[in-house]
Each structure stands twice: as structure tokens, then as C-alpha cells.
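A.B. asks: What follows is a structure written as C-alpha cells; I'll ask about it next.
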Amino acid sequence: MTTERRRPARERLLNAADELMFVDGVVLTPVDDILRRAGAAPATLYSNFGNKDGLIAAALERRLEDWTDAWDAAIADADSPTGRLFAIFPALRSYQRERLHERWCAFSGTAAATNRPSEGITRMLEAEDELLHSRLLAFATEVAGEDRAQDLADQVAVAYLGTLTGMLRGDQETAIARGELVARTLVSSLLGE
């Protein structure tokens, strides 16, 4: 028995969802492929997650926890308020190298692929969006004060989101480096540096 088959069925289903849905697309990945990869029965999926949307929401929740851990580590390594503001880029770099199976963001891919996301998926997409914007605003406030913080946070967010698109269309390392350069240039311009 392989190590993967010894894992609980719930974990195997989440791993299969992560490996298939966020690479091939949440809509295009048949439940049968997920079940086959996980070595699980349909009843196991439905008893653990309710349906495919429940599995997607749970996989996004796990992904958000992993991303938050990577970002937390980059924030902890930052040595200044500006470093914390830009920590999203080294976090993305380490996340891409160590944890990312697909070419870009599972949240962006899910949002793009689902016309009317379920309540659980919507909740996870909103949680990821809230994490992004609230953290950037907090760090931007440290850097520029309350008067200019929102503009600063918005500019870094746009550079980050553009980076995710660049990762889909080309070399990931290059996209991250360019995104970070754009964010730093925007912030320097806004702060008059």
C-alpha cells in the first residue's frame, strides 16, 4: 500500500482536488477523475464534502491556510514596514517554488471558471480577497500613514494581481520579479522617493 493510500480518505480527496482541479480547472475536472486519483468512493466524497462544490471550497480553504503560512513567514523575515508591504512577493516566490502545482492562483482560476459560485466557494474567494486587501492596507498604513495608505495598498494589490496573470502567461520567476519591481516603482512614485 502506498503512503498516499494510507492517508485518510478526506485528505486524499483534498490532495487529488488540489492536483487536478487547480491545474486542469475546477469546471473541467470530472469528479470521477478526482475519485480515481484519491482511490475513494463517491459516497466518501459526498459524506465529507456534500458535493463537488463542497470539495472545491474545502480545497480552497486548505490552500488559503498554506498561502497565509507562506506570507506570514515572509512578513516575519521582513525588517521594516516597507519590507512587510512588499513581503507578498517573496511569499509568492517561495510558495511558487515549494507548494504550487499549477501556473497561477487557484482562487483566480476558480473565480474565472465559476459563473455562479456556491456559498462555500464564494466565502473562500471573499476570505482570500479580504486577507489580501486588509494586510496590504495595514502595511501601507505603517509606510505612508492613513491619508495615503489606501492608494498605496491598491497599487501594490494591482501589481500583485498582475503578477499572477504574468505567471500564467510566462515564466513564473520572471513574472514575480517584474511584479515586485512594478510595485516598488509605484510606491516610490507615490511617496515621492
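A.B. asks: All but one of (1) within 15 Å of SER118 (Cβ to Cβ); (2) at pLDDT 95 or above; (3) buried (at least 17 other Cβ atoms within 10 Å of the Cβ); (4) among the small types (Gly, Ala, Ser) hold for ALA17; which doesn't?
C.D. replies: (2)
A.B. asks: For segment 110-132, what are the residues that are at pLDDT below 95, open to solvent by 80 Å² or more (accessible area, probe 1.4 Å) and not in a loop (DSSP other than H, G, I, E, B)?
C.D. replies: Within segment 110-132, ALA112 is the sole residue that qualifies.
A.B. asks: Taking segment 172-193, which residues are among the charged types (D, E, K, R) and farther than 12 Å from GLY162 by Cα? Before you say what the answer is, go through the steps one by one.
C.D. replies: Initial filter on segment 172-193 (among the charged types (D, E, K, R)): 173, 178, 180, 184, 193.
Listed by number, the residues that qualify are GLU173, ARG184, GLU193.
A.B. asks: Can you name the residue in segment 134-179 that is under 17 Å from PRO81 (Cβ atoms) and basic (Lys, Arg) and is also modelled with the lowest pLDDT among such residues?
C.D. replies: Per the criteria, the residue is ARG148.
A.B. asks: Additional query: Could you tell me which numbered condition TRP104 fails, if it satisfies all but one of (1) under 24 Å from ALA127 (Cα atoms); (2) open to solvent by 30 Å² or more (accessible area, probe 1.4 Å); (3) part of a helix (DSSP H, G or I)?
C.D. replies: (3)
A.B. asks: Could you list, ordered by first residue, the pairs with Cβ atoms under 7 Å in which the first is in segment 89-117 and of a type in the set (A, V, I, L, M, F, W, C) and the second is open to solvent by less than 20 Å² (accessible area, probe 1.4 Å) and outside any helix (DSSP H, G or I), at least 6 apart or interchain?
C.D. replies: Within 7 Å, the pairs are ALA113/VAL26.
A.B. asks: Another question, if that's okay. Of everything in segment 165-193 that's touching a residue at least 40 places away in the same chain (Cβ under 8 Å), buried (at least 19 other Cβ atoms within 10 Å of the Cβ) and of a type in the set (A, V, I, L, M), which residue is nearest to VAL23 (Cα to Cα)?
C.D. replies: In this case the residue turns out to be MET167.
The values are calculated or read from the model by the stated rules, or taken from the named source; none is laboratory data. Bear in mind that the values here come from a model prediction, so they are computed numbers and not experimental data. Methodologically, a virtual Cβ is constructed for each residue, glycine included, from the backbone with ideal geometry; neighbour enumeration extends over all protein chains shown. SASA here: full protein model, heavy atoms, side chains in, ligands and nucleic acids out. Shrake-Rupley method; radii C 1.70, N 1.55, O 1.52, S 1.80 Å.
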